[in-house]
1. Quick check on my filter: what residues within the stretch 1-33 are more than 25 Å from residue 62 (Cα to Cα) and loosely packed, with under 13 Cβ neighbours inside 10 Å?
2. Just checking, which of 201, 169 is within 28 Å of the chain's Cα centre (by Cα), at pLDDT below 95 and over 25 Å from residue 30 (Cα atoms)?
3. Among the residues of the stretch 377-401, write down those that are within 23 Å of residue 363 (Cα to Cα) and surrounded by fewer than 17 Cβ atoms within 10 Å (Cβ to Cβ).
4. Of all helices (runs of 4 or more DSSP H) completely enclosed by the stretch 282-365, which ones contain at least 3 residues that are within 16 Å of the ligand (Cβ to nearest atom) and surrounded by fewer than 20 Cβ atoms within 10 Å (Cβ to Cβ)?
5. Confirm whether residue 181 is within 30 Å of residue 99 (Cβ to Cβ) and either within 17 Å of the chain's Cα centre (by Cα) or in contact (Cβ under 8 Å) with a residue 12 or more places away in the chain (or both).
6. Restricting the search to the stretch 67-81, which residues are within 13 Å of the ligand (Cβ to nearest atom), surrounded by fewer than 22 Cβ atoms within 10 Å (Cβ to Cβ) and within 20 Å of residue 295 (Cβ to Cβ)?
7. In the stretch 60-105, what residues are outside any loop (DSSP other than H, G, I, E, B), touching a helix residue (DSSP H, G or I) at 6+ places or on another chain (Cβ under 8 Å) and of a type outside the set (A, V, I, L, M)?
8. Kindly provide the set of residues from the stretch 1-44 that are among the small types (Gly, Ala, Ser) and either out of contact with any helix residue (DSSP H, G or I) (no Cβ under 9 Å at 6 or more places or on another chain) or part of a loop (DSSP other than H, G, I, E, B) (or both), ordered by number.
Amino acid sequence: MGNIISKPRGTVDLFGISADRYQDLVLTLDRAARCYGALPIAVPTFEESKLFKRGVGESTDIVNKETFDLAPKGDHSYTLRPEFTAGITRAVIENKLYASPDLPLKFYYSGSAFRYERPQAGRLREFHQWGVEFLDADLDLSTTAEAIALMVDQAKMLGIKPQLKINYLGSAASRARYRAALVDYFEPHIDAMCEDCRHRLKTNPLRILDCKVIADHPLVEQAPAITDFLDHEDQESYHRLLAILEALGIEYLSDNRLVRGLDYYTGVVFELCDESQPELGALGGGGRYDGLMKTLGGPEFAGVGFSFGLERLLLALADAGEKTPGLDLLLLDLSRGAEERELAVIKHDLRLRGLRVAAANCHKALGGALKMADRLKARFFLFKDESGYHLKDLSSREQHELGTELLIEKLLVLIGGKNA
Ligand code: AMP
């Protein structure tokens with residue numbers, strides 16, 4: 001082989017069982033979102049750079065140092081999306097979806113996002129997100145709670161034990177008071193803090209609480225808490241929201257240091273981890289953003305959304321047990337092609353019943369094909385030799401001898417047809 005070209009750092013090739021699990025994961029998440037009346041939305045992979053500068057915020061790490069900016073084309077500068085909320089909000093404004101009589105708007109999405117971060121386990125430069133955005137002129141608390149409930153439902157459906165952290169950032173006025181208190185608090189210590197934090201003190205002091213350099217530092221632990229700066233209306237909304245979550249049986253941890261890495265959040269913010277694998281970090285997070293639509297030139301419209309990182313979810317699921325079923329049936333033709341038409345018909349009939357059926361290469365020996373069935377997580381193995389058909393149940397290891405008469409019907413009874 002000559003000179004091989006490798007994939008860029010921080011990207012992955014997805015194939016085989018992992019690709020299968022990825023597809024399955026997206027389908028499971030989609031199905032749950034549909035139960036909440038959400039519809040799919042797709043937006044461009046790249047947008048005008050100014051969308052993210054204005055939308056995500058110039059003081060965030062994501063826009064400040066992590067964007068993939070494309071070479072300018074004429075008068076336009078484009079950036080690969082680092083997240084979806086800004087693009088979806090732009091789409092709602094541009095297509096006047098806010099004028100729909102059917103509010104709230106409820107969207108779900110999935111696809112790649114790009115951030116120029118230092119690659120490590122669970123941190124890539126091209127990764128994939130699955131998320132929702134619920135939007136309304138007057139977004140009620142029960143719709144806000146639905147976004148959180150959906151995220152928790154989905155984690156449970158996947159076999160993850162969710163640990164939900166929640167905080168309330170409050171209205172613009174509450175945040176302004178909190179901001180001022182943080183500046184007063186951190187200013188005397190600023191010389192001892194990292195360069196990013198010195199910058200954050202001026203641009204967005206809330207983000208100091210999220211600093212990786214001084215995480216767990218007493219200075220951060222003893223910093224003023226946002227909850228002490230919420231006005232009466234904010235406090236009431238937060239309590240009502242928590243009461244809805246409690247009524248839904250959703251457990252949460254109040255974390256008044258949780259600020260999240262994007263500038264647009266206003267009210268509730270939340271993050272979900274796997275309780276049994278906290279070292280994986282947040283599997284997903286989100287919050288409410290009441291000012292984003294206005295910032296991007298649209299009407300007064302509020303939103304709530306969250307996104308899961310799909311690679312992180314897959315990492316978590318690898319330990320939550322291999323739940324993804326593989327094939328329903330692997331078939332081996334030991335007649336070496338003599339019965340190719342009959343076998344073609346069997347595979348076709350079973351596939352039309354919704355079963356996942358594959359055939360081993362016809363030069364494979366019985367032992368090799370059985371190992372292949374195990375690797376592909378097949379439930380059943382069928383082989384044909386001169387004495388007839390033999391069906392092996394790979395979980396019970398029971399074997400059934402079958403003649404050609406009513407073969408499909410017998411197979412369906414034993415395997416269980418999906419659309420039968
Ligand atoms: P965020 O948009 O920053 O709230 O991220 C939402 C989720 O996306 C996180 O909880 C992670 O699971 C995932 N995520 C964010 N950045 C990365 C990255 N660089 N690589 C892989 N997953 C990421």
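1. If the condition is that a residue be more than 25 Å from residue 62 (Cα to Cα) and loosely packed, with under 13 Cβ neighbours inside 10 Å, then 1, 2, 3, 4, 5, 6, 15, 16, 19, 23, 27, 31 are the ones that fit.
2. Working: 201 fails: within 28 Å of the chain's Cα centre (by Cα).
The conditions single out 169.
3. Restricting attention to the stretch 377-401, the residues satisfying the condition of being within 23 Å of residue 363 (Cα to Cα) are 377-394, 399, 401.
Selection gives 377, 385, 386, 387, 388, 393, 399, 401.
4. Working: elements: 292-295, 310-319, 340-352.
Per the criteria, 310-319.
5. Values: within 30 Å of residue 99 (Cβ to Cβ): no; either within 17 Å of the chain's Cα centre (by Cα) or in contact (Cβ under 8 Å) with a residue 12 or more places away in the chain (or both): yes.
The answer is no for residue 181.
6. First, pick out the residues of the stretch 67-81 that are within 13 Å of the ligand (Cβ to nearest atom): 67-68, 80-81.
This time we only want the ones that are surrounded by fewer than 22 Cβ atoms within 10 Å (Cβ to Cβ), so: 67-68, 80.
The answer is 67, and nothing else.
7. Scanning the stretch 60-105 gives 61, 69, 78, 79, 85, 87, 89, 90, 98.
8. At the first step, the residues of the stretch 1-44 found to be among the small types (Gly, Ala, Ser) are 2, 6, 10, 16, 18-19, 32-33, 37-38, 42.
Once the filter is applied, which keeps residues that are among the small types (Gly, Ala, Ser) and either out of contact with any helix residue (DSSP H, G or I) (no Cβ under 9 Å at 6 or more places or on another chain) or part of a loop (DSSP other than H, G, I, E, B) (or both), the stretch 1-44 yields 2, 6, 10, 16, 19, 37, 38, 42.
The values are calculated or read from the model by the stated rules, or taken from the named source; none is laboratory data. These figures come from a predicted structure and were not determined experimentally. Every residue, glycine among them, receives a Cβ derived from its backbone with ideal geometry; neighbour counts consider all protein chains shown.
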